[in-house]
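Trainee: Would you mind keeping the following structure in view while I ask a few things?
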Amino acid sequence: MNKKKKRLIVRSVILAVLALAVGYTFYSNLTKEERHNLRKGDEAPDFVLTDLAGETRQLSDYKGKGVFLNFWGSWCDPCKKEMPHMEKLAKEYKSQGVEVLAVNVGDSELQTKKFAKQYGLTFPIAIDSTKEVQDAYNITPLPATFMISPDGKIEEIVIGGLVKEEQVRTLFDKVKP
């Protein structure tokens, strides 16, 4: 095969891959509204994940307690900024019936453990390796926080970082039993 023909084939393949990528991007953006978006007042989708300590965490086991459900990743700068506030208030509000459950999206168990140790995190951290929970909650940008009332309903949804302690405190107060 001559050089011109090889070059034509390579360029055609690259062009086809780019066309597929652009097509998929348009499709996913146009159908995004059709997918189920959770709203305040909806029942929080139940899930089962294993935390870093090897314990099974099922959302429905938290019935009767308020839940601060946070989706995060170690590469996410706003996630890094909100973790110290979450840790401090998790300890303060645990006796008041509010639990923190952090769900890591996209990191390995080793990366997640290293992050938790670096930030001194003691609340349960589960890893959503299959991204099923991320899909059920329709999480796109990180961090995303869902405040779940003691009866299992979504009380508040916050997309983006909670960089001030008072922001986190206000959310904890919303779901106290």
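The values are calculated or read from the model by the stated rules, or taken from the named source; none is laboratory data. The structure displayed is predicted, hence computed values, not measured ones. Neighbour counts run over all protein chains shown; Cβ positions are idealised from the backbone, glycine included. Surface accessibility is based on the protein's heavy atoms, side chains included, excluding ligands, DNA and RNA. Shrake-Rupley method; radii C 1.70, N 1.55, O 1.52, S 1.80 Å.
Trainee: What about K131, is it farther than 15 Å from G161 by Cα, open to solvent by 10 Å² or more (accessible area, probe 1.4 Å) and under 10 Å from the mean Cα position of the chain (by Cα)?
Mentor: Yes, satisfied.
Trainee: State yes or no: is I154 in contact with a helix residue (DSSP H, G or I) (Cβ under 6 Å, 6 or more places away or on another chain), closer than 20 Å to L59 by Cα and of a type in the set (V, I, T)? Step through it out loud before you land on a result.
Mentor: Numbers: in contact with a helix residue (DSSP H, G or I) (Cβ under 6 Å, 6 or more places away or on another chain): no; closer than 20 Å to L59 by Cα: yes; of a type in the set (V, I, T): yes.
The answer is no for I154.
Trainee: Considering only residues of the range 154-167 that are of a type in the set (A, V, I, L, M) and under 16 Å from the mean Cα position of the chain (by Cα), which is farthest from A44 (Cα to Cα)?
Mentor: So in the range 154-167, the residues of a type in the set (A, V, I, L, M) come out as 154, 157-159, 162-163.
Keeping just the survivors that are under 16 Å from the mean Cα position of the chain (by Cα) gives 154, 157-159, 162.
On the way: I154: 6, I157: 11, V158: 14, I159: 16, L162: 21 Å.
The residue in question is L162.
Trainee: Got a number for residues in the range 137-165 being assigned to a loop (DSSP other than H, G, I, E, B), open to solvent by 50 Å² or more (accessible area, probe 1.4 Å), in contact (Cβ under 8 Å) with a residue 60 or more places away in the chain and among the β-branched types (V, I, T)?
Mentor: Applying the first criterion (assigned to a loop (DSSP other than H, G, I, E, B)) to the range 137-165 yields 137-143, 149-152, 160-164.
Remaining after also requiring open to solvent by 50 Å² or more (accessible area, probe 1.4 Å): 140-141, 151, 163-164.
Keeping just the survivors that are in contact (Cβ under 8 Å) with a residue 60 or more places away in the chain gives 151, 163-164.
The next check asks that each one be among the β-branched types (V, I, T); those that pass are 163.
Qualifying residue count for the region: 1.
Trainee: What about K176, is it open to solvent by 10 Å² or more (accessible area, probe 1.4 Å), assigned to a helix (DSSP H, G or I) and either over 18 Å from N37 (Cβ atoms) or at pLDDT 95 or above (or both)?
Mentor: Working: open to solvent by 10 Å² or more (accessible area, probe 1.4 Å): yes; assigned to a helix (DSSP H, G or I): no; either over 18 Å from N37 (Cβ atoms) or at pLDDT 95 or above (or both): yes.
Judged against the criteria, K176 is not a match.
Trainee: Sticking with this one: Count, please, the residues in the range 1-36 that happen to be of a type in the set (S, T, N, Q) and modelled with pLDDT of 85 or more.
Mentor: Narrowing the range 1-36 to residues of a type in the set (S, T, N, Q): 2, 12, 25, 28-29, 31.
Those still in the list that are modelled with pLDDT of 85 or more too: 2, 12.
So the answer is 2.
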